[in-house]
Structure formats: structure tokens, C-alpha cells
Amino acid sequence: MYNNQIEKNILYEDRDILVCRKPSGMPVQAAGIGTMDMESALKNYLAQKNPGKMPYLAVIHRLDQPVEGVLVFAKTSGAAGNLSKQIMAGGAGKYYLAVTEGKPEKSEGTLTDYLKKNGRANISQTVPANTPGAKKAILHYKVLDQKEINGKIRTLLKIKLETGRHHQIRVQLSHAGMPLLGDRKYNPSGERGVSLGLCSCGLEFKHPKTGKQMKFETEPQGSAFLDFVKKL
């Protein structure tokens with residue numbers, strides 16, 4: 001991604017933080033040689049703005065490679081520490097839009113599961129609460145819209161994350177019988193040829209320096225959301 005392209009994705013920037021929109025398919029950090037990632041692209045952008053100075057940029061939280069949406073990065077170590085604490089303590093509001101195959105029983109509710117990560121296979125799975133290494137995962141959902149497409153129900157959900165576990169939304173929704181559209185990892189028998197139906201649509205946090213409440217929003221651009229565009 002060239003600098004003029006990365007600049008288009010920057011939603012806000014000051015001396016302490018940089019908020020941007022991550023496109024679907026781009027990793028947050030280097031996935032391998034030859035793959036451009038958000039961290040490198042933003043560091044290149046900052047380096048060109050201040051030639052000769054090594055830019056500081058800290059990754060505070062991540063989105064899976066196929067997920068699009070809002071991310072905040074820290075431009076100072078102080079901001080990094082403050083934002084990390086907010087994320088860890090659940091003080092930051094993380095909101096998502098999701099398109100699922102199938103529908104929930106209730107129009108709104110809370111999903112609570114225990115998840116265990118398998119780093120080697122890069123997956124997480126639901127396990128009993130007393131499983132060694134299991135972590136509690138909580139999300140709240142609300143149905144925004146439903147449609148029947150090709151004889152199958154699709155549902156548009158608004159999600160608020162209470163915890164930030166590996167692949168949390170993808171695993172919990174799949175376990176609840178409403179897997180994400182286009183999720184070939186957790187819904188291999190699902191529809192093909194569409195983007196992953198997940199977008200980090202909103203992020204709220206307190207500015208690490210001023211304490212001011214900050215809120216950023218973006219609309220999904222992936223093909224999974226096309227049938228619901230007018231509802232967003």
C-alpha cells in the first residue's frame with residue numbers, strides 16, 4: 001500500500017495517536033516476506049513526514065487479516081501504555097457489524113463461552129470452563145436486519161465486545177449456530193466467493209494525553225455486507 005493510499009485510510013492523527021481504517025486482507029503486522037502490513041505502511045508514512053527520524057509506532061490491538069475496520073496505534077510509549085491498559089481493562093468500546101448465516105433465537109442477547117487458543121493451527125475453540133488455558137469470552141449482540149438470500153437466512157448483527165479473545169466473534173457465533181458469512185476457517189461448508197462478514201465499525205477510548213472521550217466509526221465495504229448497505 002503506497003503512502004497516498006494509506007493516508008486515505010487515516011481517520012485521525014495527532015502527536016500521541018493515529019487512528020486508521022484497516023482494509024480487509026491486510027495484516028496488522030508482518031505475516032511474511034513480501035506482504036505489506038498496516039504497521040509497516042504507517043511507519044513508512046511517518047518516516048516520510050519526518051525524514052531522518054525513526055518513527056515510533058505501537059500496535060495496541062489487532063484485527064484478523066480478513067477483517068476490515070478501525071484500529072488505533074500509539075505514537076509514543078506513554079500513549080501505548082495508557083491505551084493498552086484501557087483495552088485490557090475493558091475501558092475501550094469495541095463495536096462490530098457482522099453478517100451471519102442463520103439467525104439467533106432472540107433479537108438481542110449475550111454470548112458467554114470459554115475459549116482455548118491453538119497457536120499451531122491458528123484457531124480457537126469453545127471448551128468447558130475448567131479447561132486449563134481456557135479464557136472467558138463475552139459479547140453482546142443485537143439484530144439489525146434479516147434477509148432471505150438464495151433460500152437462506154442472513155442476519156446483520158451489531159456486536160459489542162466485552163473481552164478481546166483470539167478469533168472471539170468468529171468462534172462464538174459459529175458455536176451459537178450462526179457462523180459468519182464467508183468464514184472459511186470456522187464455517188468451511190458455508191457460502192463461498194464473499195468477503196468475511198465482519199467489520200470493526202466503531203472504537204471508543206479516552207485520549208491517552210487529554211482524557212477526552214474519542215469515538216471513531218467506519219462503514220463496511222466488503223461484499224458480505226452488500227445486501228444490507230441501506231440499513232447501515
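Couple of notes before you dig in:
- Mean projection of the Cα convex hull over all viewing directions, computed for segment 165-225: 5.4 nm².
- Where N is the number of residues in segment 17-80, Cα Rg divided by 2.2 N^0.38 Å: 1.09
- Residue pairs, from the table K49/K158; K85/K158; K94/K135, whose Cα atoms sit over 30 Å apart: K49/K158
- Farthest positive-ward along segment 33-130 dipole, Cα basis, beta-carbon charges - from G78, L42, L115: G78
- Which of T76, T218, T112 is most accessible, then next, and so on - probe 1.4 Å: T112, T76, T218
- Cα gyration tensor category, rounded, prolate or oblate, for segment 87-212 with a/c compared to 1.5: oblate
- Student exercise, the chain dipole from Lys, Arg, Asp, Glu Cβ charges, in Debye to nearest 20: 440 debye
- Surface per residue (accessible, 1.4 Å probe) for segment 148-209, Å²: 41 Å²
- Computed from point charges on the beta carbon alone (+1 for Lys and Arg, -1 for Asp and Glu), the dipole magnitude for segment 22-109 about its Cα centre is near 440 Debye.
- Rolling a 1.4 Å probe over the heavy atoms of the protein chains gives segment 48-131 an accessible area of 56 Å² per residue.
- Positive-end extreme of charge dipole, the chain - chosen from G164, V19, S174 (charges on Cβ): G164
- Charge dipole magnitude, Cβ of K and R +1, D and E -1 - segment 96-167, Cα centre, debye nearest 20: 260 debye
- Counting only protein chain heavy atoms and rolling a 1.4 Å probe, the accessible areas of V59, V72 rank, largest first, as V59, V72.
- Here the accessible area of the chain is 48 percent carbon and sulfur, with a 1.4 angstrom probe and all protein chains present.
- Once the convex hull of all Cα atoms in the chain is built, its volume per residue stands at 141 Å³.
The values are calculated or read from the model by the stated rules, or taken from the named source; none is laboratory data. This one's a predicted model, so the numbers in the text were calculated from it and none came from an experiment. All Cβ positions, even for glycine, are placed from backbone atoms using ideal geometry, and neighbour counts span all protein chains on display. For the accessible areas, the whole protein counts, side chains as well, though only heavy atoms, and no ligand, DNA or RNA atoms are used. Shrake-Rupley method; radii C 1.70, N 1.55, O 1.52, S 1.80 Å.
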